[in-house]
1. Could you grab me the full set of residues in segment 49-87 that are surrounded by fewer than 16 Cβ atoms within 10 Å (Cβ to Cβ), among the β-branched types (V, I, T) and part of a helix (DSSP H, G or I)?
2. Would you confirm, using the coordinates I've provided, whether V46 is modelled with pLDDT of 95 or more, part of a helix (DSSP H, G or I) and touching an Asp or Glu at 6+ places or on another chain (Cβ under 6 Å)?
3. Which one of these is of a type in the set (D, E, K, R) and assigned to a helix (DSSP H, G or I): D98, D39?
4. Quick check: anything in segment 97-108 modelled with pLDDT under 95 and surrounded by fewer than 15 Cβ atoms within 10 Å (Cβ to Cβ)?
5. Looking at the structure I just gave you, is A32 modelled with pLDDT under 95, over 13 Å from I3 (Cβ atoms) and either assigned to a loop (DSSP other than H, G, I, E, B) or of a type in the set (A, V, I, L, M, F, W, C) (or both)?
6. If I filter segment 8-16 for residues that are of a type in the set (S, T, Y) and not in a loop (DSSP other than H, G, I, E, B), do I get at least one hit?
7. Tally time: how many residues in segment 37-48 are more than 14 Å from the chain's Cα centre (by Cα), surrounded by fewer than 20 Cβ atoms within 10 Å (Cβ to Cβ) and under 16 Å from R15 (Cα atoms)?
Amino acid sequence: MLIGELAERAGTSTRTLRYYEAHGLVRAQRSANGYRVYDEAELRVVQEIRALLAVGFGLDDIRPFVACLRAGNTSGDVCPDSVAVLRRKLAEVDACIDRLGAVRQQLQTQLTHAIAHREETCLKLRRPAP
């Protein structure tokens, strides 16, 4: 299939496909007239790339998943290198969640203190002068 058809079927742009190709993730053959021609298997590769990018993986992280698909697996996440990337990414997400939890706790403490202080200040302002 030509680049336009692959782009349409994958829900992306031809520019994006050329970008993936430039980074070695997507493979194209060249026809006699120089057009890029893609194998049907490239559709699955592009879908995998887009799904992984959508959840925060970088292009280098995606390479093992593409290699796994190219090795004939029905899924890009069954190979050891892909599993290692998944484990690392999960650890990164867990660390981020931990940091966000600490920030949330700090904000909650600060808000509680601010509300209490505000109420004391407001009470002082409402009291009539002796």
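1. Scanning segment 49-87 gives a single hit, V83.
2. Considered against the rule, which asks whether it is modelled with pLDDT of 95 or more, part of a helix (DSSP H, G or I) and touching an Asp or Glu at 6+ places or on another chain (Cβ under 6 Å), V46 comes out as no.
3. Residue meeting the stated conditions: D98.
4. No, there is no match, as no residue in segment 97-108 is modelled with pLDDT under 95 and surrounded by fewer than 15 Cβ atoms within 10 Å (Cβ to Cβ).
5. Criteria met by A32.
6. yes
7. Matching residues across segment 37-48 total 2.
The values are calculated or read from the model by the stated rules, or taken from the named source; none is laboratory data. Small disclaimer: the values here were computed from a predicted structure and weren't measured. Virtual Cβ from ideal backbone geometry, glycine too; neighbours counted across all protein chains shown.
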